[in-house]
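Since the structure comes first, as structure tokens, the remarks are kept for the end.
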Amino acid sequence: MSLLEEVVQDLERHSAQQGWDAAPRLYALVESDELRRAEPELADQLGLSPDVITLAALEQPSLPEKHGVEEALATIAWPEAVAGCALVMERVVLPPEAEAEIPEDEREALEWAAQHPQ
């Protein structure tokens, strides 16, 4: 299993404990050796072994609610030490043919989508 697959699996397990309807969560992914160089105390707190290279997922502050996730992500710049990022969020996906039936009111649309048989 790759380092990325491992961290995604860990984030999925962690997020599953929060349940549905949780706010989107953003994580900076930093290689453990880089984190140990830059923040040795944090690496120790996280229990990162100096002998094993992993990806550490560092949760970031909440995304601003006034903008959509896509707009918020477009404004983020990461330092070179960050190897990537992970976004954990719930999305309801419906087949394209259901799109014409979606109510215009956002609250009604959410309810409708949650109860849609597909």
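The values are calculated or read from the model by the stated rules, or taken from the named source; none is laboratory data. Source: prediction; values computed, not measured. Methodologically, a virtual Cβ is constructed for each residue, glycine included, from the backbone with ideal geometry; neighbour enumeration extends over all protein chains shown. Each accessible area value is taken on the protein alone, full model and side chains, heavy atoms only, with ligands, DNA and RNA left out. Shrake-Rupley method; radii C 1.70, N 1.55, O 1.52, S 1.80 Å.
Between A98 and E12, the simple spin-label model (points 7 angstrom out along Cα→Cβ) gives 2.1 nm. A simple spin-label model places the labels of V69 and A81 2.7 nm from each other, with each point 7 Å out along Cα-to-Cβ.
Expressed in whole Å with the largest first, what are the equivalent ellipsoid semi-axes of the chain derived from the C-alpha gyration tensor as the square root of 5 times each eigenvalue? Kindly include the intermediate steps, with their values, before the conclusion.
On the way: eigenvalues 251, 50, 29 Å².
Values for the chain, descending: 35, 16, 12 Å.
Which of the peptides 32-38, 110-116, 17-23 is most tightly packed, and how do the rest follow, going by the mean number of other Cβ atoms within 10 Å of each residue? Walk me through the numbers before you get to the answer.
Values: 32-38: 16.1, 110-116: 12.6, 17-23: 9.6.
Going from most to least packed, we get 32-38, 110-116, 17-23.
Accessible surface computed residue by residue for the chain, with neighbouring protein chains in place and a 1.4 Å probe, gives 77 Å² per residue.
Scoring 69-82, 95-108 by mean Cβ neighbours within 10 Å over their residues and listing the highest first yields 69-82, 95-108.
Neighbours of L58 by Cβ distance under 12 Å: Lys/Arg scored +1, Asp/Glu scored -1, total -3.
Compared with the dominant principal axis of the Cα atoms in the chain, helix 3-18 is inclined by about 60°.
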